[in-house]
Every structure is written in C-alpha cells, then in structure tokens.
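S.K.: Below you'll find the structure I mean.
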Amino acid sequence: MKNQSRCQLSWHPAPTTWLSLLLVVLLFPLGLTLPPWWGWENGPIENTQVVILAVGAFVSFFAAQKIQEDRQIRSFWLWQIPIWLLLIGRELSWGRVFYPVAIRANGPSFLSIHQLWYGQFVYPIIAVVTLISLLGLWHNFNQFLLGSKLNLPALDLILLTLAVIASHFICEKQVIIALKPYAEVLEELAELIAYWCMVSIVATVGFAKQQN
C-alpha cells in the first residue's frame with residue numbers, strides 16, 4: 001500500500017514562531033519611528049535581511065544532515081540552499097551594493113548592473129540557477145511529502161502571507177497615503193518579517209521529530 005501525504009497545519013507556536021509574532025507586533029512601532037536611512041538600500045534593515053537569509057541557508061543545510069536514510073528527502077533540503085543564496089543576491093542587488101557612487105538625500109546610489117565587470121553574466125546565471133534549483137526541488141518534493149508526517153506552522157504561514165501583502169501593496173504601492181513618509185522603512189521591515197517567517201517554517205519542519 002502506497003504512503004499518503006501526511007501534511008497538516010500545526011497551531012502550536014514553535015520557538016521561532018514567537019519571534020515572528022514579536023516582529024509583527026513591532027512592525028508599526030519601529031516603522032513609524034526609525035529614521036528613513038534605516039530603510040535605504042544596503043542599510044541596517046536590508047543587511048539584517050541578508051543575515052536572516054544566510055541563517056535560512058544554514059538551517060536547510062543542517063536539516064539535510066539529519067536525513068541519512070532517504071537520499072531524496074535529503075536532496076530536497078539541499079536544493080533549498082541555492083534559493084536562499086539567490087535571495088541573498090537579490091538583497092545585495094547582485095553585488096551592486098559593493099560599488100557605491102554617491103549618497104543622496106533619498107539614499108545611496110550604486111553602479112548599474114550593466115556597469116559591473118560581471119554584469120552581463122548575472123541574469124543568465126540567475127535564470128540557470130533558478131531553473132535547476134526548482135527542478136531539483138520538484139524532483140524530490142513528492143518523496144519529501146511522503147517521507148514523514150509534516151506539521152506546518154500555521155501561524156508562520158499566515159504571518160508570511162500578511163507580511164508579503166503588507167510589503168507589496170501597503171508599503172511598495174503606497175495604497176495608504178498616510179503611511180507614505182514611512183513606506184520605505186515599513187516595506188523593508190515587512191520583507192524582514194517575511195524572510196524570518198520562511199526561516200521559522202523551514203526550521204520547524206526541518207528539526208521536528210520525524211514521525212513515520
């Protein structure tokens with residue numbers, strides 16, 4: 001008899017979920033009080049995002065090390081690492097942040113991607129790495145679902161969804177005019193929350209006690 005997927009939502013907060021909740025509570029207090037330069041490209045919030053994404057890559061790596069008996073499940077965790085690295089590259093503007101040219105009233109400016117010595121290779125490499133990583137995840141995804149009972153952290157999933165919506169629609173698109181002066185900081189904080197929720201989901205699933 002074939003195994004069936006045993007994926008279910010868990011409403012019990014994991015330790016990492018409490019930090020997700022704390023970050024959500026602090027979103028507007030911090031977003032409305034931090035100086036605008038905190039939200040600049042290569043600013044404190046964006047650099048913290050990079051650290052969080054690096055933590056996500058390490059979490060996926062160590063989750064893979066826990067799995068020795070099933071190569072496909074182990075591979076599923078390892079194929080997440082390039083995705084984390086791509087997100088890090090995105091937050092670093094594919095290395096543009098290491099080539100500042102000026103600091104203006106609305107933040108620093110950097111060389112364009114086409115002015116970098118490696119600029120012509122960036123987008124082809126992104127496309128290839130993304131395609132290969134997604135194929136690797138897809139190839140091993142079914143075995144990952146069937147391999148053990150998965151308890152997905154419901155609160156983190158909800159907070160992740162809300163953070164993405166807040167970042168894109170409320171902050172980036174500035175649909176609430178009153179928040180326009182704070183939009184840049186709020187957007188970056190919402191992205192930070194989204195990234196932490198992703199780490200929390202991966203950590204909760206990856207380090208949960210496996211139940212076959």
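What follows is calculated from the coordinates using simple rules that are stated; it is not laboratory data. Just so it is clear, the structure is predicted and the values come from calculations on it, not from any experiment. Because the Cβ atoms are built from the backbone with ideal geometry, glycine has one as well, and the counts that use them run over all protein chains shown.
S.K.: May I ask you to work out the translational diffusion coefficient for region 73-196 at 10 °C, viscosity 1.306 mPa s, via Stokes-Einstein with Rh from the Kirkwood sum over Cα pairs, reported in whole µm²/s?
M.R.: Value of D from the Cα-based Kirkwood radius: 91 µm²/s.
S.K.: OK, next. Percent relative contact order of region 8-206, based on C-alpha pairs within less than 8 angstrom and at least six residues apart?
M.R.: Once divided by the residue count of region 8-206, the mean separation gives 37 percent.
S.K.: Give me the orientation-averaged projected area of the Cα convex hull of the chain, in nm², one decimal.
M.R.: About 13.4 nm², averaged over all directions.
S.K.: According to a simple spin-label model (label point 7 Å from Cα along Cα-to-Cβ), what is the distance in nm between L26 and T130?
M.R.: Result: 3.2 nm between the two label points.
S.K.: Given a Förster distance of 45 Å, report the FRET efficiency between I103 and Q65 from their Cβ-Cβ distance, rounded to the nearest 0.05.
M.R.: 0.60
S.K.: Of all the stretches in the chain, which is the longest one without any exposed loop site, taking chymotrypsin sites (Phe, Trp or Tyr not before Pro) in a DSSP loop (any state but H, G, I, E, B) with at most 12 other Cβ atoms within 10 Å?
M.R.: Longest run free of exposed loop sites: 12-116.
S.K.: Right, next: For the chain, what are the DSSP H helices with axial Cα length of 27 Å or more and mean Kyte-Doolittle hydropathy of at least 0.5?
M.R.: Membrane-span-like by this criterion, though nothing is claimed about a membrane: 44-66, 119-147, 183-206.
S.K.: Also, I was wondering about something else. Loop by DSSP (not H, G, I, E, B), at most 13 other beta-carbon atoms within 10 Å: where is the longest site-free stretch of the chain for trypsin sites (Lys or Arg not before Pro)?
M.R.: For trypsin sites (Lys or Arg not before Pro) (loop position, at most 13 other Cβ atoms within 10 Å), the longest site-free span of the chain is 3-148.
S.K.: Separate question: Determine, from the Cβ-Cβ distance of A178 and L157 and an R0 of 22 Å, the FRET efficiency 1/(1 + (r/R0)^6), rounded to the nearest 0.05.
M.R.: Plugging the Cβ-Cβ distance into 1/(1 + (r/R0)^6) gives 0.15.
S.K.: Under 5 Å between amide H atoms, partner at least 5 residues away or on a different chain: which partners does L150 have, H built in plane at 1.01 Å?
M.R.: R6, C7, Q8
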